[in-house]
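> Here it is: the structure, laid out below.
The values are calculated or read from the model by the stated rules, or taken from the named source; none is laboratory data. Treat the numbers as computed from the prediction; the structure is a model and nothing was measured. Cβ placement follows ideal geometry from the backbone for every residue including glycine, while neighbour counts extend to all protein chains displayed.
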2 protein chains.
Amino acid sequence: MTTRPAPTSDERIAQFHDEHEHEREALRVWLRLLSCTTLIENEISTRLRREFATTLPRFDLMAQLARSPNGLTMGELSQRLMVTGGNVTGVTDTLERDGLVERLPMPNDRRARIVRLTPNGKALFDRMAAVHAGWVEELISGLGEPERRELYRLLGQLKRGLGAAGG
Amino acid sequence: MTTRPAPTSDERIAQFHDEHEHEREALRVWLRLLSCTTLIENEISTRLRREFATTLPRFDLMAQLARSPNGLTMGELSQRLMVTGGNVTGVTDTLERDGLVERLPMPNDRRARIVRLTPNGKALFDRMAAVHAGWVEELISGLGEPERRELYRLLGQLKRGLGAAGG
DNA sequence: GTCAGATACTTGACATCTAAAACAATCTTG
DNA sequence: CAAGATTGTTTTAGATGTCAAGTATCTGAC
């Protein structure tokens, strides 16, 4: 095993600066990531309100249900939407009030409730989804196909790292 | 100018598929972007609550003020935080209540009010910012230095495109 | 069988967010 | 200088989000 000499004063200063430089760089990446997401989110949110008189959380919940025709429990929705159960209860309440989703009892577990799109909800979502996909395509059009693939890859790498670091 | 023959039936189908494939690809990029941002945001939000009994909107507002020692007007804060004025009013209210920021009259325009960190607010923010930078560095550690630079570059390109498309 | 602990959801208190309207001060224009 | 448009902020109503506490149900050890 090789011994490592204690860093000189200059080396310590360099390490200090490097560390801070590295942190600043990470901050810049994070702020730009947040900025892009917020800009897109605000734009889609505005358009959803204007064109369909609905909101992004409602659209997202319906999108999850559209992918699961047999419905999802409140807990599954909570996990997939990455929000708390209390929140899912509230959004589901208003969607149910508007006749777009329905709560059904779960056969083998009376604690759980299955949420499912109603026919009206499914029809509305299909219309919204088609328009929404066009909006996203438009908003991302600043990137060509190779850039999109590269961005997708880098975000995947970031996401895998988050699972390890975050929780 | 060369005339282009009408597309055959097969070509139309191919275009239709291509367009949808392109949209699906854009959607995948957007969903992953949103997912990464949400994961990081939730993690930082949880840590801010646990370690400093504060929230991300409060931290973000204080961060803007920390970069402008002379203070900012409510409108400037609204722009930089990309939220509505009404929201800035609310968050500023609670920060003021807690003695972390203060509202001052603007000398040449009595409509506007300047918001500034108090000494207490500045001291608290400095402590939080140092820890926060470490968290971001940790959360992004799944990416090496070249990947971070490439991600930063791609997000910059995306952001410029958003200015053109979104509004 | 029963009872403690885990699980699924709802509720309640509060902070954040938006859009839209209200208000107040300033600017513009005649 | 006065009328009207503009600008900066706050207020209001409603949706979304958290956490913590409460209710109902399920599960498993005894």
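> Could you check the stretch A:57-86 and list, in sequence order, the residues that are closer than 23 Å to B:Trp30 by Cα, within 13 Å of DNA strand C (Cβ to nearest atom) and exposed (fewer than 15 other Cβ atoms within 10 Å of the Cβ)?
Passing the criteria: A:Gln79, A:Thr84.
> What tally of residues in the stretch A:149-167 results from selecting those that are exposed (fewer than 13 other Cβ atoms within 10 Å of the Cβ) and touching a helix residue (DSSP H, G or I) at 6+ places or on another chain (Cβ under 7 Å)?
Residues that pass the stated criteria total 1.
Residue-by-condition table, conditions (1) at negative phi; (2) at pLDDT below 95; (3) assigned to a helix (DSSP H, G or I):
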| site | (1), (2), (3) |
| --- | --- |
| A:Glu11 | yes, yes, yes |
| A:Phe16 | yes, yes, yes |
| A:Glu23 | yes, yes, yes |
| A:Arg28 | yes, no, yes |
| A:Leu31 | yes, no, yes |
| A:Met62 | yes, no, yes |
| A:Leu95 | yes, no, yes |
| A:Val115 | yes, no, no |
| A:Lys122 | yes, no, yes |
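> Tell me which residues, restricted to the stretch A:120-148, are surrounded by fewer than 14 Cβ atoms within 10 Å (Cβ to Cβ) and either farther than 22 Å from A:Phe59 by Cβ or within 10 Å of another protein chain (Cβ to nearest Cβ) (or both). Give the derivation first.
Initially, the stretch A:120-148 is screened for residues surrounded by fewer than 14 Cβ atoms within 10 Å (Cβ to Cβ), giving A:120, A:123, A:126-127, A:130-131, A:134, A:144-146.
Matches in the stretch A:120-148: A:Ala130, A:Gly134, A:Gly144, A:Glu145, A:Pro146.
> Moving on. List pairs: first in the stretch B:69-82 and without any contact (Cβ under 8 Å) to a residue 40 or more places away in the chain, second exposed (fewer than 14 other Cβ atoms within 10 Å of the Cβ), Cβ under 6 Å, 6+ apart or cross-chain?
From the stretch B:69-82, the pairs are B:Ser78/B:Gly85.
> Report the residue count in the stretch A:19-33 for those that are surrounded by fewer than 19 Cβ atoms within 10 Å (Cβ to Cβ) and within 7 Å of another protein chain (Cβ to nearest Cβ).
Total satisfying the criteria: 5.
> Could you pull out the residue among A:Val136, A:Val88 that is touching a residue at least 12 places away in the same chain (Cβ under 8 Å), part of a helix (DSSP H, G or I) and away from DNA strand D (no atom under 15 Å from the Cβ)?
Values: A:Val88 fails: away from DNA strand D (no atom under 15 Å from the Cβ).
From the options A:Val136, A:Val88, the qualifying one is A:Val136.
> What are the residues in the stretch A:97-127 that are within 11 Å of DNA strand D (Cβ to nearest atom) and acidic (Asp, Glu), if any?
Answer for the stretch A:97-127, where residues must be within 11 Å of DNA strand D (Cβ to nearest atom) and acidic (Asp, Glu): A:Asp98, A:Asp109.
> Which numbered condition trips up B:Gly163, out of (1) within 14 Å of DNA strand C (Cβ to nearest atom); (2) at pLDDT below 95; (3) not aliphatic (A, V, I, L, M)?
Here B:Gly163 meets the rest and fails (1).
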